[in-house]
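Quick notes on the structure that follows.
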Amino acid sequence: MTLRRLPVRNLLRRPGRTAALTVVVAFLALSLFAGTVLVRSLNSGLESLENRLGADLIVVPATSRGKIDPEKIYLQGTTGYYYMDAAKLEQIRAIDGVVRASGQVYLASLRADCCSVPIQVIGFDPGTDFTIQPWISQRLRSELGFMDLVVGCRVNSAVGESIRIYGQSCPVVARLDATGTGLDTAVYCTAETMAALLEAAKDMNHELKIDGDPADVVSAIYVKTAPGEAERVAAKILKMRRPKVTVIQAKTVTSGVEASLQGVTRTIKVMIVCVWALAVILLTAAFTLLGGERRREFAALRVLGLSRWQLAGVALREALYVSLLGAFIGIGLGLLFLIPFAGLIESALNLPYLTPGWRTMLWLAGLTALTVCVVGPLTAMVSARRLSRPDISAILREGS
Amino acid sequence: MEIVASGAARRYPRPMGKASFFEAVRPVDLTLRGGEMTVLTGRSGSGKTTLLTMLAGLLKPSAGTVSLDGLDIYAMPDAELSRLRARRFAVVPQVAAPIMSLNVMENILFPAALAEKAPPVRRAEALMQSLDILSLRGAMPAELSGGELRRMAIVRALAAEPDFVFADEPTADLDDENTAVVFSLLREAAERGAAVLTVTHESDAYVYAHHVWQMSAGMLTQD
Ligand SMILES: Nc1ncnc2c1ncn2[C@@H]1O[C@H](COP(=O)(O)OP(=O)(O)OP(=O)(O)O)[C@@H](O)[C@H]1O
Ligand SMILES: [Mg+2]
C-alpha cells in the first residue's frame with residue numbers, strides 16, 4: 001500500500017459520494033462538449049451554405065410565390081414543381097452587372113425506390129453552373145454523364161447502385177459531403193438528364209404544369225452579380241418585360257440565418273456558462289463539505305508524516321480521478337446524443353447544421369476533458385488548502 | 001540522538017483573568033534521549049498533549065525551541081519536517097486516527113511505505129500477535145472497537161522501528177493485560193535505542209520508565 005494508491009482507495013470507500021461528484025462533473029463535461037459541438041456545427045453549417053451558394057440572387061417563377069419560401073430554398077434546399085421559360089435565362093444574362101447566370105430544373109419523385117422520403121432531383125447545366133459543380137467536383141473527378149446521378153449524403157444509395165426515377169434507371173456515380181441542409185437528401189444530374197426525366201414523367205401522365213418542351217424550362221436561375229450590384233440587378237430583373245418572377249436576394253436570407261444563428265449560439269453559450277457556474281459552485285461546496293468530514297482523516301495523515309503538499313496531492317488526485325471519470329462519461333453521453341440525432345437537431349433548430357468530422361470531434365473532446373480536469377481539481381483546491389494546514393493537535397483533541 | 005525542548009511554551013488566545021492568553025504549557029526544558037523511556041503524567045488539562053505534540057513536530061511552540069540533534073525542527077520547511085516525522089517519528093495520538101480507507105494491516109504498514117522502507121510485515125505480525133489483533137489484519141477501521149483501534153495505532157507506531165516514539169495515553173481503553181503488554185513494548189523500543197515519550201495516567205507505567213515527569217497547570221516537574 002503506497003501513497004499513490006490512497007486517492008483511489010478513498011474514492012472507493014465512499015462510492016455514493018464519488019458517484020455524486022462524478023455526476024456533477026459529467027454534467028459539466030456534457031454541457032461544455034455538446035454546447036461547443038452545437039455551436040460549431042451551426043457555424044460550419046452556415047459557412048458551407050454560404051460557400052456553396054455562390055449565388056447573389058435566385059430567380060424563381062412568380063406563380064410559385066406563396067408556395068416558395070425563399071429561406072427554405074436556401075436553407076433546406078427544398079425544391080418543388082415550378083417551371084418557367086428558359087428564355088428568361090438569356091434575358092437575365094443580358095442585364096448589365098450580371099457576371100454569371102445558370103438555370104436549374106427541379107423534379108420531385110414520390111415513386112423512387114431508394115428511400116421512404118420523396119427525393120428531389122436537381123438538374124443543372126454543366127456549361128454554366130457555378131453553385132453545384134464546385135461542390136460535386138470534390139467527389140467526382142470525371143464529367144457527369146447522361147443519366148448519371150450524384151447523390152447527397154443522406155440518400156440511401158451507394159455509388160454503383162441505380163435509382164429508378166419515373167421508370168428510368170440512373171446509376172449513382174458519386175456521393176456528396178454533408179452540407180447540413182435539405183440538399184443532403186437531393187439527387188443531382190445534368191440538364192440533359194433532367195429533360196429526359198421530365199419527358200418520362202410526362203409519359204407516365206405525371207402532372208408537371210410545364211407548357212411546351214421540357215428541354216426549354218428552368219425552375220430557378222442562380223445569378224452571380226458584380227460586387228455590390230445585387231440590389232440593382234434584382235431591380236432590373238423585375239423591370240424586364242413580363243417578368244413573372246420572384247427574386248430572392250441571398251444576403252437577406254443569409255443575414256437572417258446569421259441573426260438567428262447568433263441568437264441560438266448566444267443561448268447555448270449562456271446555458272454553458274450557467275451550467276458551469278452552477279457546477280463549479282456545487283463542486284466547491286461538495287468538496288468543502290466533504291472536507292469538513294475528512295479533517296480528522298487528513299490530520300491523521302499529517303501525523304503519519306505527510307507534508308502539506310503530499311496531502312493536497314491526495315485531495316487533488318481524488319478530484320482529478322473524479323474529473324477524468326466524469327469527463328469520460330459526459331463526453332461519451334455527448335457523442336451518443338450528438339451523432340445519431342444530428343438530423344433531429346437540425347430539423348429542431350431549423351438551421352443549417354453540419355456535425356464536425358471525427359478529427360475535430362476528437363479535438364473538442366480532448367479540449368473538454370482537459371478543461372474539466374483543470375476545473376475539477378481547482379474546485380477541490382480551496383478545501384485541499386484548508387485541509388492541508390490543519391491545527392493537527394486541535395483536531396486530534398476532538399472526540400469522535 | 002536526542003530531542004531537546006528549551007523554553008518551549010504554548011499559549012492559546014483565550015481570556016484568562018487579566019491576561020488575554022491562556023498558557024497551556026509554560027516554558028519547558030526537557031530532553032528525550034535515545035535508549036530512554038520517559039513517562040509524563042498529570043491531571044487532565046495540565047498540558048501533556050500540548051507538550052507531546054510540540055515535541056513530536058506537530059505543533060509549533062509559541063515561544064522557545066524544539067531541536068533534534070541541535071537542529072531547530074520548527075525552522076525547517078514543512079516538507080523537510082514532514083519527511084523527518086515520516087522517517088524517524090511515530091505518534092500514537094490520544095484519539096483514534098486511523099486511515100479509514102485502508103484495512104488494519106495496510107494502516108500498520110503505511111508509515112513504512114511513506115518512509116520508503118521495506119514493509120515490516122514480520123515485525124507487524126509479531127506485534128499484532130502480542131496485542132491480540134492479528135485476526136483483524138484484514139478488517140477495516142470502521143469495524144473496530146476503540147481498544148482495537150488503539151492497539152492498531154500502537155502497532156503502527158512501533159512496526160517501522162522509529163527513532164522517536166510519542167504515545168499519548170496509549171492504554172486509555174485497554175484492559176490490564178494489554179496495558180502491561182503495551183508498556184513493555186514501549187520499553188523494548190527504548191531498549192532497542194529509540195527515545196520514547198509516554199503520556200499516561202497509569203502509575204503501573206513508572207516501573208518501565210527511565211524518567212518520570214509530572215505536569216500541572218502547564219508546568220513540568222520531575223518526580
Ligand atoms: N487549540 C486550543 N485552543 C485553546 N485552548 C486549548 C487548545 N488546545 C488545548 N487547549 C487547552 O490547553 C490545556 C491543555 O490541554 P492538553 O490537551 O494539553 O491537556 P492534557 O494534559 O493532555 O489533558 P488530558 O489528560 O485531558 O488529555 C487545556 O486546558 C485545553 O483546554
Ligand atoms: Mg491529553
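The values are calculated or read from the model by the stated rules, or taken from the named source; none is laboratory data. Nothing here was measured: the structure is a model prediction, and the numbers come from that model. Note: ideal-geometry Cβ built from the backbone for every residue, glycine included; neighbour counts use all protein chains shown. Ligands, DNA and RNA are stripped out before the accessible areas are found, and what is left, the full protein with its side chains, is counted by its heavy atoms. Shrake-Rupley method; radii C 1.70, N 1.55, O 1.52, S 1.80 Å.
State all residues of the range A:20-43 that are out of contact with any helix residue (DSSP H, G or I) (no Cβ under 6 Å at 6 or more places or on another chain) and open to solvent by less than 50 Å² (accessible area, probe 1.4 Å); if no residue qualifies, say none.
A:Ser41
Give me the residue from the range B:156-181 that is assigned to a helix (DSSP H, G or I) and under 13 Å from the mean Cα position of the chain (by Cα) and, out of that set, nearest to ligand 1 (Cβ to nearest atom). Give the steps one after another, and end with the answer.
Step one: of the range B:156-181, the residues assigned to a helix (DSSP H, G or I) are B:156-159, B:176-181.
From what is left, the residues that are under 13 Å from the mean Cα position of the chain (by Cα) are B:156-158.
Numbers: B:Arg156: 20, B:Ala157: 18, B:Leu158: 22 Å.
Among them, the one singled out is B:Ala157.
Determine if the range A:242-254 includes at least one residue that is touching a helix residue (DSSP H, G or I) at 6+ places or on another chain (Cβ under 9 Å), part of a helix (DSSP H, G or I) and of a type in the set (Gly, Ala, Ser).
There is at least one residue in the range A:242-254 that is touching a helix residue (DSSP H, G or I) at 6+ places or on another chain (Cβ under 9 Å), part of a helix (DSSP H, G or I) and of a type in the set (Gly, Ala, Ser).
Looking only at the range A:326-368, count every residue that is surrounded by 18 or more Cβ atoms within 10 Å (Cβ to Cβ) and either in contact with a strand residue (DSSP E or B) (Cβ under 6 Å, 6 or more places away or on another chain) or more than 19 Å from A:Ser44 (Cα to Cα) (or both) and tell me the total.
Adding up the residues that qualify gives 5.
Please verify whether the range A:130-142 includes one or more residues that are at positive phi and either open to solvent by 50 Å² or more (accessible area, probe 1.4 Å) or of a type in the set (A, V, I, L, M, F, W, C) (or both).
Scanning the range A:130-142, I find no residue that is at positive phi and either open to solvent by 50 Å² or more (accessible area, probe 1.4 Å) or of a type in the set (A, V, I, L, M, F, W, C) (or both), so the answer is no.
Go through B:Met128, B:Met140 for me and flag whichever is of a type outside the set (Ser, Thr, Tyr), farther than 17 Å from B:Thr31 by Cα and more than 11 Å from chain A (Cβ to nearest Cβ). Lay out the reasoning, then the answer.
Working: B:Met140 fails: more than 11 Å from chain A (Cβ to nearest Cβ).
Among B:Met128, B:Met140, only B:Met128 is of a type outside the set (Ser, Thr, Tyr), farther than 17 Å from B:Thr31 by Cα and more than 11 Å from chain A (Cβ to nearest Cβ).
Going by the conditions given, is B:Ala153 within 16 Å of ligand 1 (Cβ to nearest atom), within 14 Å of another protein chain (Cβ to nearest Cβ) and either touching a residue at least 12 places away in the same chain (Cβ under 8 Å) or in a helix (DSSP H, G or I) (or both)?
Against the criterion (within 16 Å of ligand 1 (Cβ to nearest atom), within 14 Å of another protein chain (Cβ to nearest Cβ) and either touching a residue at least 12 places away in the same chain (Cβ under 8 Å) or in a helix (DSSP H, G or I) (or both)), B:Ala153 qualifies.
Consider A:Trp309 against the criteria (1) open to solvent by 20 Å² or more (accessible area, probe 1.4 Å); (2) more than 13 Å from chain B (Cβ to nearest Cβ): it satisfies all of them except one. Which criterion is unmet?
(2)
Among the residues of the range B:42-88, write down those that are within 16 Å of ligand 1 (Cβ to nearest atom), assigned to a loop (DSSP other than H, G, I, E, B), open to solvent by 30 Å² or more (accessible area, probe 1.4 Å) and more than 12 Å from chain A (Cβ to nearest Cβ).
B:Arg43, B:Ser62
How many residues are part of a helix (DSSP H, G or I), more than 7 Å from chain A (Cβ to nearest Cβ) and not hydrophobic (A, V, I, L, M, F, W, C) if we restrict to the range B:89-108?
Count: 1.
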